[in-house]
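The block underneath contains the structure these notes are about, expressed in structure tokens.
Quick note: the coordinates plus some simple rules give every number you see, no bench work behind them. Values in this document were obtained by computation on a predicted structure and should not be read as measured data. Neighbour counts are summed over all protein chains in view; Cβ atoms, including those assigned to glycine, are modelled from backbone coordinates with ideal geometry.
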Amino acid sequence: MQGQFLIIGSAFVIAMIIVIVLLHFIKKAEMRYYRNKVKNLEIQRNMVASTPVLLELSKVEPIIKNDKMEEKYNKWQQTFENIKGKRLAVIDDMLIDLDIYVEKRDYKSCGYRIAKAEIEIYKVREAAEHLLEEIKDITLSEEKYRSIVIKLKSKYRMLNKEFHDHQELYDFMQESVELQLENIEKCFLDFEKVMEANEYNEVVHICKALDMMIDHMEIVINELPDVLLMANQVIPNRMREVENLNKEMIDEGFVLDYLNIDYNISESKKNIEKILDKVKVLNLEGSMFDLKTMLEYFDSLFIDFEKERLSRKVYEEQSIGFEKRLEKTNQLVSEVYQQLDDIKNMYDLRDEDIDIIHDVNKILVVINDDYRKMLAKQQSKSSPYSMLNEEIESLSNRLTSMEEDFDVALKSLGNMYDDEVRAREQLIEIQDFLKICKHEIRNYKLPVISDHYFVQLKEANEAINEVIKELNKKPIVIKTLNTRVDTARDLVLKLYNTTMDMLKNAFLAERAIVYSNRYRSKFNDVDRALNDAEKAFNVGNYKEALDISIKASSVIDENIYRKLMSVYDK
């Protein structure tokens, strides 16, 4: 038992010793921490005291040449004396008090006073640095502003040179630009006077004014010639072109009221006058953008004109084809409708089939009425061709839809074997003609085949498919089948003629160009004409290419066309 008590007592003593040693080290570390804090504050205080304000003030003394500068100098001196004589003294007292509290180990009071001292040192440091910056703004002003003005002068000289090198481009604005350049030169002289008098407050305003004036003149020098060119020449010329083309197309029968060209030209002229009024006071803000917008508008009108021309061409082509289709459809429907009573007696037709024929006839009446209205619009010139083109396309789609419904109704109207055989024989002949067309086109490597040709090819294929559809229908409607065969034959023959003409023109044009190439260097007119012919050939206008090349070749050989035809016929 005594041994146990001895061990317990020894352990307790050792634990107490350890605790005492730990407490000693903790207190020592805590004191070291606060002493380091105080030491760091003293370093910060000394750094504030060593701010080179006096050195900078000594640089100010030689450049004091007016009352304002002297007043500033005195104010800076007073501020620095206040920092050094009063505010730093207060910090010194705070640091002394901190040393006392650290020695007394009154760490609770130390934390508060350290924070207070840090705030005061921060305030004094900010005041000293602000004072130093104010003084440096003066001592470094000459070097700083000289550097700025040197760059501005370099930029000004380049602008001045650009203006005088191309002075004629500025038209009636030459005097205004020169006057503004003289104002900039006066500002440079004012800068020298102010720098000589060390009036640095004024230097700032002069430098800002110079920077703004030179930036403005850079815009004027770079954009003014383009603005004047566009406002005085490019856009007015474009307006005249638009007016002339507009009048020409109206005389040709085009309806262009929807473009509001006269009104837009009038408004554009007003806008150009406003822009020129602004330009007279060298205000170019937004001018180039407005002019470019106007130019883009007038350029877009040429696209609209071309669209109308193309629409007219497409409309006339579609109108002819649609009229023929409508006439044939009217005839077919009329014949079926007139024979409807006989057909009902001859065939066991469903009521639905008869209703479809009645419905088709009603739809056809509406299509005919709409077609007449469309023709009336064309004759009265109350609608542009682009709209007429859309209308006839819609009519064509409606007619196609009606024809499809009508074809469905004709399925049950009879079948005659001889006519079917004859139709199949004609279909083979038609397909043979189409194969010839495709074979000839493949053999002759044309650079471009026009969309119009593919439209004819598509129509021919569709017509043949329609014949095949009719032959595959059971029972076959003979009248419809015959109509389809006639249409397919007409379209394929038309395609065949188009193919042969196109290949003939391409062949002759190519030979004429090759033949005349040797005379390019001798005859300028031949060279220009052949260039035009090649352009037309490369875009698929073989007839135009042939005409141009034949005219060019006729200068050399009047019998060139006859010779080319003899080669072609072989």
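Could you give the length gained on full extension between ARG35 and LYS123, defined as 0.36 nm per residue of separation minus the Cα-Cα distance, in nm?
29.4 nm
Evaluate the charge dipole of region 230-304 about its Cα centre and quote only its size in Debye, nearest 20, assuming +1 on the Cβ of each Lys and Arg and -1 on the Cβ of each Asp and Glu.
480 debye
Given the C-alpha centroids of region 212-287 and region 477-541, what is the distance between them in whole angstrom?
43 Å
Any of LYS435/LYS504; LYS153/LYS208; LYS324/LYS494; LYS328/LYS377; LYS328/LYS494 with alpha carbons more than 21 Å apart? Name them for me.
Over 21 Å Cα-Cα: LYS328/LYS377.
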